[in-house]
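Visitor: Below is the structure I would like to discuss, written out as structure tokens.
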Amino acid sequence: MIYITSAVAAWLFLIGLYGVVTSRHLIHLCLCLTVVQASTYVLLIGISYRAHAIAPIFSDLPPTTPAVDPVVHALMLTDIVVEATVVALLLAITVQIKKRTGTVDPNHVDILKG
Amino acid sequence: MNERWRLLLFVLGALGVAALYVIAFIALPGPDPLRDRYRLAINSRTVPEHNATDAVTAVNFDYRGFDTLGEEFILFVSVMGAMALLRQAEEKKTIELRDAIDASRDVPGSTAIRVWVLAMVAPKVLFGFYIVSHGQLTPGGGFQGGVILATAPLVIYLGAHFKLFKKIVPHTAVDVAEAIGVAGYVIIGMLAFFWGGHTREFLTNVLPMGKAGSPAASGTMPLISLATGLEVAAGFSILLYAFLQELLTKEKPSEQPEQRPEGHA
């Protein structure tokens, strides 16, 4: 069934979160968030899969061939591009943190000064 | 809390999540006909109704066009946020550092890169426009094609220097282009208010459907695809511009150093 894709998605999610929790560099942290997002894509694709069905493109095959679910593919597709810009926003925050506090170690960033 | 406790808390949470996940997947119901209703409904209707052979783009820009508009706004706002965070003083107050690649200004990098860039720019632009305009026929659409188009200025920066990049993507031009992209989507959606017939809902597909297999098919879909491609390409170019400017320029030291008031006596 679709167990293997769900297992891969769970593994990516947990290992990405582990990277975020134990990270010591903010850029590494942003990229671990990317890994967590990748896990959601894998899970969505796994959910949309049907056995012996083609991709939902009918340019060379008759429109009545059974195809997989296109809604989930559409969600995922826009999400990948939007994720890239959100990671860019996070990296811009990282640049500002380095300018203000001089460090990129999330354990030593001390923005809320009393 | 220090690192070891944080890691321990995470491991406990991860074990809990893994256990619940496995239980959830074992308890999922098997395949039943109700699960496939939406998929069958869409797959059987894209070609007869819209002459669009790519069901994914039809879902993106027609059946679920409103959700894609929301995603585009997310992209717009993140680009705006990154631009606001990396905002610098105006042009005349900054000096441009030398590019990290070349020590002297006359040699803009290795010859191999320049040759490759020269060969690749035109195919990139052409391929990007092809992917954007054929969104409803083959896998593609505004989002993917826009990203491909945005790599063209980046590759030009790699082969030449930052001044050329600034000349090719001037800041106001890409700002205006991105705004036109986002506004274009909304305006195309509002066309339905005038030509909608008996249903005047936002984002109804109201233009003629054309012939299946031609890039002008499917009514508003190629127009929305073009608007989205413009917006994504301009957005990524703005991001590149902001990051490169952050990296490669620094503020001119002011003429008179400010007089700091001396500490209290």
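Visitor: If packing is taken as the average number of other Cβ atoms within 10 Å across a peptide's residues, how do B:37-44, B:18-25, B:59-66 rank, most packed first?
Guide: So the peptides B:37-44, B:18-25, B:59-66, ranked by packing, come out B:59-66, B:37-44, B:18-25.
Visitor: If amide hydrogens are placed 1.01 Å from N in the peptide plane, which non-local residues have theirs closer than 5 Å to the one on residue B:220?
Guide: Amide H neighbours of residue B:220, under 5 Å, 5+ apart: B:206, B:207.
Visitor: OK, next. Non-local amide H neighbours of residue A:67 (under 5 Å, H modeled in plane, Pro and chain starts lacking H): which ones?
Guide: Under 5 Å from the amide H of residue A:67: A:54.
Visitor: Distance check, please: which entries in A:98/B:124; A:99/B:166; B:166/B:211 exceed 31 angstrom between their Cα atoms?
Guide: Pairs exceeding the cut-off: A:98/B:124; B:166/B:211.
Visitor: Only helical DSSP H runs with n ≥ 4 go in: add -39500 (n - 2.57) per run for the protein assembly as shown, normalise by residue count and round the 222 nm mean residue ellipticity to 500 deg cm²/dmol.
Guide: Taken over the protein assembly as shown, the calculation gives -21500 deg cm²/dmol.
Visitor: Can you work out the Karplus-derived ³J(HN,Hα) for every residue in the range B:226-231? Use 6.51 cos²θ - 1.76 cosθ + 1.60 with θ = phi - 60°, whole Hz, and x for glycine or proline.
Guide: Running phi through 6.51 cos²θ - 1.76 cosθ + 1.60 with θ = phi - 60° gives 5, 4, 5, x, 4, 5 Hz.
Visitor: Can you sort B:202, B:76 so the residue with the fewest Cβ neighbours within 10 Å comes first?
Guide: B:202, B:76
Visitor: Ok, one more. Using Cα-Cα distances under 8 Å and only pairs 6 or more residues apart, what relative contact order does the range B:131-183 have, in percent?
Guide: 19
Visitor: Obtain the nm distance between the two label points defined at residue A:65 and residue B:125 by a simple spin-label model: each point lies 7 Å from its Cα along the Cα-to-C-beta direction.
Guide: The answer from the label model is 3.6 nm.
Visitor: At each listed q (0.17, 0.20 Å⁻¹), what is the log10 of I(q)/I(0) that the Debye formula gives for the range B:119-207 modelled as equal alpha-carbon point scatterers?
Guide: -0.85, -1.01
Visitor: Could you bin all the Cα-Cα distances of the protein assembly as shown into 20 Å bins starting at 0 and give me the percent of pairs in each, rounded to whole numbers?
Guide: 22, 49, 26, 3, 0
Visitor: Now, a different point. Working from the alpha-carbon coordinates of the range A:21-64, get Rg over Rh, Rh being the Kirkwood radius.
Guide: On the Cα set of the range A:21-64, Rg over Rh gives 1.31.
Visitor: A follow-up question, please. So what are the radius of gyration and Dmax for the Cα set of the range B:171-239, in Å?
Guide: For the range B:171-239, the Cα radius of gyration and maximum Cα-Cα distance read 13.9, 43 Å.
Visitor: Can you give the average number of partner chain beta-carbon atoms within 10 Å of each beta-carbon in peptide B:237-248, as a whole number?
Guide: Going residue by residue through B:237-248 and averaging, the value is 2.
Visitor: For peptide B:35-41, how many partner chain Cβ atoms fall within 10 Å of a residue's Cβ, on average?
Guide: 3
Visitor: Return a whole-number percent for the relative contact order of chain A, with Cα pairs under 8 Å and 6 or more residues apart as the contact set.
Guide: Computed value for chain A: 27 percent relative contact order.
Visitor: Averaged across the residues of B:73-85, what count of C-beta atoms belonging to other chains lies within 10 Å of each residue's C-beta?
Guide: 5
Visitor: Now a separate question. Rounded to two decimals, what is Rg over Rh for the range B:1-84 when you use alpha-carbon atoms and the Kirkwood radius?
Guide: For the range B:1-84, the value is 1.22.
Visitor: Going by C-beta contacts inside 10 Å, put B:220, B:57 in order with the fewest on the left.
Guide: By the 10 Å Cβ count, ascending: B:220, B:57.
Visitor: Still on this structure: When the Kirkwood radius is taken over all Cα pairs of the range A:1-93, what Stokes-Einstein diffusion coefficient follows at 4 °C and 1.567 mPa s, in µm²/s?
Guide: 87
No value in this document is a laboratory result; all are computed from the given coordinates. This structure is a prediction, so every number in the text was calculated from the model and none was measured. All Cβ positions, glycine included, derive from the backbone under ideal geometry; neighbour counts span all protein chains shown.
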